[in-house]
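*Asks:* My questions will all concern the structure given below.
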Amino acid sequence: MASERELWAIALKVERDHGDSGPRHIAQKIGAAAIAGEWDAVTMWKAIAARFDQLREEHLLAHDRRLPAGYSVH
């Protein structure tokens with residue numbers, strides 16, 4: 001499997017290249033790997049998905065902190 005640094009790099013690339021469609025892109029990668037029986041790739045893409053989710057959560061929290069008082073993102 002990829003190193004921790006590589007997993008984060010791929011998650012960042014997916015976020016940059018696919019934005020809100022990132023989860024769909026990752027799901028397609030997981031599905032294709034599963035169909036091909038490439039279980040190491042399935043495991044890797046699931047790890048990337050977890051990091052992608054963490055990036056998105058941190059991004060939303062950072063954005064929420066910049067909003068004026070009384071406003072929030074939901």
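*Asks:* Find all pairs meeting these conditions: Cβ atoms under 8 angstrom apart; at least six residues apart or on different chains; first residue within segment 40-56 and farther than 11 Å from Leu7 by Cβ; second residue outside any helix (DSSP H, G or I).
*Replies:* Note: pairs meeting the criteria are Asp40/Met1.
*Asks:* Taking the condition of being of a type outside the set (Phe, Trp, Tyr), assigned to a helix (DSSP H, G or I), modelled with pLDDT of 95 or more and loosely packed, with under 13 Cβ neighbours inside 10 Å, how many residues in segment 17-42 meet it?
*Replies:* 8
The values are calculated or read from the model by the stated rules, or taken from the named source; none is laboratory data. Computed from a prediction, not measured in an experiment: that's the story for all the values here. A quick note on method: Cβ atoms are made from the backbone with ideal geometry, for glycine too, and the neighbour counts reach across all protein chains shown.
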